[in-house]
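Scroll down for the structure; my scribbles are underneath it.
The values are calculated or read from the model by the stated rules, or taken from the named source; none is laboratory data. What you are looking at is a predicted structure, and each value in this text was computed from that prediction instead of being measured. A quick note on method: Cβ atoms are made from the backbone with ideal geometry, for glycine too, and the neighbour counts reach across all protein chains shown.
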Amino acid sequence: MLPAFVVTGLVKQFGRFAALRGVNAEFAPNRLYAILGDNGAGKTTLLRALAGLTPPTRGSISMLGTSDLRSVCSQLGYMAHPSLLYDEMSGMENLRYFARLYEMSDRGQNNEDRCAEVIRAVKLDPMLTRPVGQYSQGMRQRMSLARALLNDPKILLLDEPFSNVDLRSAREMVSLLKGLRDAGKTIFVVTHQASLLEGAADEFIWMEAGQIVSRTPNLTARTETQ
Amino acid sequence: MSRVASLTRATLAKDLRLEWRSKDAINSMLFFSLLVVVIFSFSFDPTAEESRRIAGGLVWVAFLFAAVVALNQTWSREMRNQVLDAYRISPAPPNALFLAKVIGNFIFVTVLQALMTPLFIVFYNLRALGPAYQLPIVAALGTWALVVNGTFFAAMSLRTRSREIMLPLLLFPISIPALLAMVEATGAILTGEFSARFWIVLLAAYDVVFTIASLFLFGLVLQAE
């Protein structure tokens, strides 16, 4: 099976500041990865680079065996810290528009059904007509996850999915992610709430100063090595 | 091609819906143009003859400045919540987004023109002495020239720190040939002193060149950091 990502000598500089300093890694498919580290460690930059949103200064990224990330972008779901949703439209209206971008109806999928399905999957009501701007932070976060799941991607990149979400909802999200991993998806979760993923993540990736400093099968393994 | 057309329609429908709900662009444009009409009419109080000579410049400068408001709104809506990133990682072609934005802005500015033209006629006592049927052609070509460049440069200045200032700085110099053609053509039609044909052809050529160039380059602008 092709690796989800192969990252070679990845450097990303913003002016003089190097957010990523030569990241080398291979990520096997069908796994749930937790990316951890302090603020400024380079987690979000790495995720954006994997999504093809931040072009590397040096180095290369290949996704599902190709370095032309654009050609496989329909296999990718991305959830950022901001919601990536239009505040003036309802959740369903937002998803209907994004479904058009992925031309899902051309792939034999019914847009309406799929939109409703992913909204229900994140425990929201597809009939909710309120604009997203009037949602609570937690609801917005879940709708953002629904948008990332919409195109049924093979790879999911999630940046801080549990922030501003209550504990019960966060646990529900983790259980949803476990289910998706078991269904064959590769999931990357950037988080500061690592304990939520203990027992769920297959690997914990620790970042410091723009580099991956260790990869451990659980949280305690890292503590033991320190 | 049908894919671009279908996604252009979807994005345009979304933009029109957002504008219908917020009315951000149209309200600011209307208010701005109204101010220009009223202030200039009180400041100069021109005769009908003088009006015909200066109206071309006045009308187009008002629409140009008003259009800048709409152009900034178009992209700032995409930057809120970083929605543009969702488009960037989708397989949708960049040109569909660009065309939808251009057509959307064209509609907004045309609505503004439709609302403001009667006021210009009343306040400046305007009556065309030349072939009036050419006025809508000049309006359509001129508006397209403004919005195609404006949409492109607004996207370019999107990530700059002071984009409200950057847009006019980039847009106005490159729009000078089009603006000159619009003003001269409008003046020619209103006064009836000379033919507007040359200026209309110039405007059409300008539109074709800049539309093609913008479509070619927009992909780079969209994927730029």
- Message: Being at pLDDT below 90 and either buried (at least 19 other Cβ atoms within 10 Å of the Cβ) or not in a helix (DSSP H, G or I) (or both): is that true of A:Q109 here?
- Response: yes
- Message: Checking the condition more than 14 Å from every other protein chain (Cβ to nearest Cβ), on the phi < 0 side of the Ramachandran plot and either aliphatic (A, V, I, L, M) or surrounded by fewer than 20 Cβ atoms within 10 Å (Cβ to Cβ) (or both), which residue from B:V83, B:V102 passes?
- Response: B:V102
- Message: Of the residues B:L170, B:L215, B:L190, only one is farther than 22 Å from B:T117 by Cα, modelled with pLDDT under 90, touching a helix residue (DSSP H, G or I) at 6+ places or on another chain (Cβ under 7 Å) and aliphatic (A, V, I, L, M); which?
- Response: B:L170
- Query: Any idea which of (1) free of Cβ contacts under 8 Å to residues at least 40 places away in the same chain; (2) within 14 Å of chain A (Cβ to nearest Cβ); (3) in a helix (DSSP H, G or I) is the one B:V221 doesn't satisfy?
  - Reply: (1)
- Note on the structure: Of the residues in the range A:30-65, those that are assigned to a strand (DSSP E or B) and away from chain B (no Cβ under 14 Å) come to A:L32, A:Y33, A:A34, A:I35, A:L36, A:G37, A:R58, A:G59, A:S60, A:S62
- Please state which of the following conditions B:L129 fails to meet, knowing it meets all the rest: (1) of a type in the set (A, V, I, L, M); (2) part of a loop (DSSP other than H, G, I, E, B); (3) at the interface with chain A (Cβ under 10 Å from one of its Cβ atoms). (3)
- Query: For residues in the range A:66-82 being within 9 Å of another protein chain (Cβ to nearest Cβ) and part of a loop (DSSP other than H, G, I, E, B), which is nearest to A:T8 (Cα to Cα)?
  - Reply: A:A80
- Take the range A:83-117 and flag every residue that is out of contact with any Lys or Arg (no Cβ under 8 Å at 6 or more places or on another chain), at the interface with chain B (Cβ under 7 Å from one of its Cβ atoms) and touching a residue at least 12 places away in the same chain (Cβ under 8 Å). A:Y102
- Given the structure, is B:T143 in contact (Cβ under 8 Å) with a residue 60 or more places away in the chain, under 27 Å from B:D85 (Cβ atoms) and in a helix (DSSP H, G or I)? no
- Message: Within the range B:1-83, considering only helices (runs of 4 or more DSSP H) that don't extend past its boundaries, which have at least 1 residues that are out of contact with any Gly (no Cβ under 9 Å at 6 or more places or on another chain) and closer than 25 Å to A:A80 by Cα?
- Response: B:2-22, B:48-79
- Of the residues B:L112, B:L34, B:L12, B:L97, which is crowded, with 17+ Cβ neighbours inside 10 Å and more than 14 Å from every other protein chain (Cβ to nearest Cβ)? B:L112
- Message: Give me the residue from the range A:118-129 that is part of a helix (DSSP H, G or I) and surrounded by fewer than 22 Cβ atoms within 10 Å (Cβ to Cβ) and, out of that set, nearest to the other protein chains (Cβ to nearest Cβ).
- Response: A:A121
